[in-house]
């Protein structure tokens, strides 16, 4: 006969075990939510592709005209598309995470699946919704003369690593949205800082070359790190892979630890 | 001290206080406020018992069930159990824009069934719910009663060892009530532990040998269900 165990305590090992054992359902749930969002109207599927494409066109036109060539990244159009794709993935995840607990509480009650696992489903859903962007990245690269290279195979690995960052950000945003109901309003402003500080349409290395301290701070932005890696993987830009990956891993570990603590407290906090 | 060999659920000095805001008329800013929902509740549920949970609106029944299910952490005290209790309600995993069949399959996958088995079971379930003619239509097109029927049949698919039922007796037509009663009888026969929260005192008396009455978040009575009903009616 099993001994009695606390019903509300959980351990990191139990969480990992549940995510692994429920991986089929978590993927299916993410796919179902994506399908549901696309069935809202007949044109939803088209907008899945049109919306990010329009953003790329607008940013490209405006910043391509405004910014001098010396401040833009190499191969501006492809660099811009990669930057928008990666930032939009982050933005989708952070937006979904603000509403996370409102949905996960009900699901946890009826299925006993923990919010930790459900957050993984949110990351998978984010990736599904960003799939069109990845197609646009490689399609545009080929059209604009970028030759396929071996480093393209690094993209799935890159996105797997990015997934850990997205999961960590999801934990943080969900927890802060639970503790502070007005946090989603602040998140919009914070995301603008991330957007402009990620080198999507301007070259951080070139503009901040004379400001080493600012450059070091900018290099800590994990979205910028992934954009650097993404551009290097697609176009073969010369970067110090080891340095960027190490920095990204360090930042992600810190965010994961912070997110885990906040999420743990938010998970069982008051909600009538 | 209860014998852990026969105890299914042990509730020890559980309190739950919600932090919220109180807004007085005319004041611009709300003031923080605490609402005690449960106050030092203790009881044990034995293996195979079917226990009713009674109380007026706002007495703490739903809060207690959510604490028992591990969805809500108590402010004080602890709930321990032989296995994690499952809370069955009529809300749940629903994606309104997907079809009735797709929603059924989703819930079945959530309960751990394989893809093929979920598809087959979903079709059976939709037929049993008398919704075969609406199987491919969006879930949001169902009436409240239809949703209740569907949700109930989905909720009872898997039967964990310890079940918590929150107000499921209050909804549904006569037919659904009869299905529900037969299902509870089946649970009792299989020696599962069941805690039923309801306002329906007659059904609690019929289904449960024991009932706990909550009064303002405290255990006001814990004993035979007939006496519990009398206690509730007299308070």
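The values are calculated or read from the model by the stated rules, or taken from the named source; none is laboratory data. The structure presented is a predicted model; accordingly, all values stated were derived computationally and were not measured. Positions of Cβ are generated from backbone atoms using ideal geometry, with glycine treated the same way; all protein chains shown enter the neighbour counts.
Determine whether the stretch B:89-102 contains at least one residue that is in a helix (DSSP H, G or I) and either in contact (Cβ under 8 Å) with a residue 60 or more places away in the chain or surrounded by 22 or more Cβ atoms within 10 Å (Cβ to Cβ) (or both).
Yes, there is a match, as at least one residue in the stretch B:89-102 is in a helix (DSSP H, G or I) and either in contact (Cβ under 8 Å) with a residue 60 or more places away in the chain or surrounded by 22 or more Cβ atoms within 10 Å (Cβ to Cβ) (or both).
Being touching a strand residue (DSSP E or B) at 6+ places or on another chain (Cβ under 8 Å), surrounded by 18 or more Cβ atoms within 10 Å (Cβ to Cβ) and closer than 30 Å to residue B:113 by Cα is true for just one of B:155, B:228, B:211. Which residue is that?
B:155
Please go through (1) in a helix (DSSP H, G or I); (2) surrounded by 19 or more Cβ atoms within 10 Å (Cβ to Cβ); (3) within 14 Å of chain B (Cβ to nearest Cβ) for residue A:94 and return the number of the only condition it doesn't satisfy.
Here residue A:94 meets the rest and fails (3).
Looking only at residues in the stretch A:185-236 that are part of a loop (DSSP other than H, G, I, E, B) and closer than 12 Å to residue A:82 by Cβ, which one is nearest to the chain's Cα centre (by Cα)?
Here is the first cut: in the stretch A:185-236, the residues part of a loop (DSSP other than H, G, I, E, B) are A:197-203, A:208-211, A:219-221, A:236.
From what is left, the residues that are closer than 12 Å to residue A:82 by Cβ are A:198-201.
Numbers: A:198: 13, A:199: 16, A:200: 14, A:201: 18 Å.
It comes out as A:198.
For residue B:70, work out the one condition from (1) buried (at least 20 other Cβ atoms within 10 Å of the Cβ); (2) more than 8 Å from chain A (Cβ to nearest Cβ) it doesn't fulfil.
(2)
Taking the options A:108, A:125, A:88, name whichever one is under 13 Å from the mean Cα position of the chain (by Cα) and within 14 Å of chain B (Cβ to nearest Cβ).
Unique residue meeting the criteria: A:125.
So residue B:79 clears everything in (1) part of a helix (DSSP H, G or I); (2) closer than 30 Å to residue B:189 by Cβ; (3) within 9 Å of another protein chain (Cβ to nearest Cβ); (4) at pLDDT 90 or above except one condition, right? Which one?
Evaluating residue B:79 over (1) part of a helix (DSSP H, G or I); (2) closer than 30 Å to residue B:189 by Cβ; (3) within 9 Å of another protein chain (Cβ to nearest Cβ); (4) at pLDDT 90 or above leaves (1) as the failure.
Considering each residue of the stretch B:101-142, count those that are away from every other protein chain (no Cβ under 14 Å) and within 20 Å of residue A:39 (Cα to Cα), and give that number.
So the answer is 3.
Look at the stretch B:1-44 and say how many of its residues are in a strand (DSSP E or B), more than 12 Å from every other protein chain (Cβ to nearest Cβ) and at pLDDT below 90.
The qualifying residues number 2.
Could you check the stretch A:1-75 for helices (runs of 4 or more DSSP H) lying wholly inside it with 1 or more residues that are more than 14 Å from chain B (Cβ to nearest Cβ)?
A:12-21, A:44-66
What is the residue count in the stretch B:45-58 for residues that are within 14 Å of chain A (Cβ to nearest Cβ) and within 16 Å of residue B:197 (Cα to Cα)? Don't jump to the end; show me each part of the working.
From the stretch B:45-58, those within 14 Å of chain A (Cβ to nearest Cβ) are B:45-48, B:57-58; that's our starting set.
Still in the running and within 16 Å of residue B:197 (Cα to Cα): B:45, B:57-58.
So the count comes out to 3.
Sort through B:136, B:153 and tell me the only one that's over 23 Å from residue B:187 (Cα atoms) and in contact (Cβ under 8 Å) with a residue 12 or more places away in the chain.
Going through B:136, B:153 in turn, just one is over 23 Å from residue B:187 (Cα atoms) and in contact (Cβ under 8 Å) with a residue 12 or more places away in the chain: B:136.
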